1. So what is the orientation-averaged projected area of segment 1-119, using the convex hull of its C-alpha atoms, in nm²?
2. So how many Å³ per residue does the convex hull of the Cα atoms of segment 111-169 work out to?
3. Quote the FRET efficiency, to the nearest 0.05, computed for ASP138 versus HIS39 with a Förster distance R0 of 30 Å and r equal to the Cβ-Cβ distance.
4. Under 5 Å between amide H atoms, partner at least 5 residues away or on a different chain: which partners does VAL47 have, H built in plane at 1.01 Å?
5. Give a residue-ordered list of calculated ³J(HN,Hα) values for segment 149-164 (Karplus: 6.51 cos²θ - 1.76 cosθ + 1.60, θ = phi - 60°; whole Hz; x for Gly, Pro).
6. Distances longer than 27 Å among the Cα atoms of the chain: what percent of all pairs is that?
7. Where in segment 31-48 does the label zone of LEU188 land, with the point 7 angstrom along Cα→C-beta and an amide N cut-off under 16 Å?
8. Along its three principal axes, how long is segment 53-112 when you only count alpha carbons? Whole Å, largest extent first please.
Amino acid sequence: MNRWHPVEARSFMLLAPLPIFLFAILCEYTDFDIWWVSHFYDAGNQVWPFMHHWFFQGILHTGARRFIRLTGLIWLLGFILVSVRPQWRRYRKGLLYVLCGSALGPVIVGTGKQLTHIYSPWDLQMFGSTQPYIRLFDYVPSQAPIGLAFPAGHASSGYCFFSLYFILRHHVPAYRAAGFFFGLFLGLVFGLAQQIRGAHFPSHDLFTLAICWYGALCMYALFYPQEWLRLGDVCRVK
C-alpha cells in the first residue's frame, strides 16, 4: 500500500519556506517582535541583562562561532584528503556540496545585512538607545545608517546545516531527518540566544531559516540535478 510522503516532493521543498517568510513579516507588523524581546530587557535600568552573559555571549555566541569555523575547516581538510586519495574520490562531490550548500545561505544573509536599515533591539530608541524602529517595508530616512541586523547572521551558522538533510537524503536516506533536525536545532538555539541578548528580533531569525533552506536546496539542485528532477511534484513510498 502506498502512502503520501510530501516532504520528499519537489513542490513542498520549494514552497514550505514561504509561510515562514509571511509569519516573519507578521511578527514585525503585529509588534510580536517587540513584545517578545521586551521580556529580556530591563526597562527600569535600561539594560539588556544577558548581553554579556557568560553563557549566551561566551558559549552560544563566541564559542559557537569558533565551533562553526572549526567544523568548516575539518570539512575542508576532509575534501582535500579525499581529493588526493583515489580510493576516496567518490566522496569528493558530497563533501564539496556540503561546503557550498552550507555557505550559500550565510553568504546571502551577510549580503542582505549590507542592504537593509533594520537595527538590533539594543540599538533602538524604545530600548534606551538612539536608532528608530524600522521594519522591512517601512520608509527609511535618508540619513539613517545601515542597520546590519537583518537577516540574522549568527542563526545562519546553525541553519546552514540544512545541507546535511540533502546530502544524507542522497547517500543515507534513513538518516535524512537527523540532518534536518540538527540544522533546525542549532539555528533555533543560536537565534534564541541572540534574541535574549537583544541582538535580534524573532523575524530576523525566521528570514534566516528560510534563506538557509533555499541555499541548501539550490545547491542540491545544482550538484544533483538528476536526483532533484526525479523527486517529482509528489512522491510516494512503500
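1. 13.4 nm²
2. Convex hull volume per residue, Cα atoms: 96 Å³.
3. 0.80
4. For VAL47, whose amide H was placed from the backbone, the distant partners under 5 Å are ASP42.
5. Whole-Hz 3J(HN,Hα) from phi for segment 149-164: 10, 10, x, 7, x, 5, 4, 5, 6, x, 5, 4, 6, 4, 4, 5.
6. 41 percent
7. Backbone N within reach: none found.
8. Extents along the principal axes: 48, 26, 11 Å.
The values are calculated or read from the model by the stated rules, or taken from the named source; none is laboratory data. The structure presented is a predicted model; accordingly, all values stated were derived computationally and were not measured. Positions of Cβ are generated from backbone atoms using ideal geometry, with glycine treated the same way; all protein chains shown enter the neighbour counts. Side chains are part of the model used for accessible areas, which takes the heavy atoms of the whole protein and leaves out ligands, DNA and RNA. Shrake-Rupley method; radii C 1.70, N 1.55, O 1.52, S 1.80 Å.
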